[in-house]
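Right, one structure below, let's go through it.
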């Protein structure tokens, strides 16, 4: 994923959204390993800045629900 980035890089970088040294320290104190912290911070940055594909799935499911409720599709 982002294994070439270290926690020091993250502390010094502003690329990751709202990442502070306190976040890293809190995760470290909770027993997370460095690679786990990197993954968590990467995921947070991804979902905060790049979004996710969840919205498309929700729209699709809402459309299917509409079809069933309107009788145009049998459950």
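So which pairs qualify, if the first residue must be in the range 15-35 and more than 18 Å from residue 46 (Cβ to Cβ), the second must be assigned to a loop (DSSP other than H, G, I, E, B) and modelled with pLDDT under 90, the Cβ gap must be under 9 Å, and the two must be at least 6 apart or on different chains?
The qualifying pairs are 34/6.
If you scan the range 25-75, which residues turn out to be modelled with pLDDT of 85 or more, surrounded by 10 or more Cβ atoms within 10 Å (Cβ to Cβ) and not in a helix (DSSP H, G or I)?
The answer is 32, 33.
The values are calculated or read from the model by the stated rules, or taken from the named source; none is laboratory data. It should be emphasised that the depicted structure is a prediction, and the values quoted were computed from it without experimental measurement. Cβ sites come from the backbone with ideal geometry, for glycine too, and all protein chains shown count toward neighbours.
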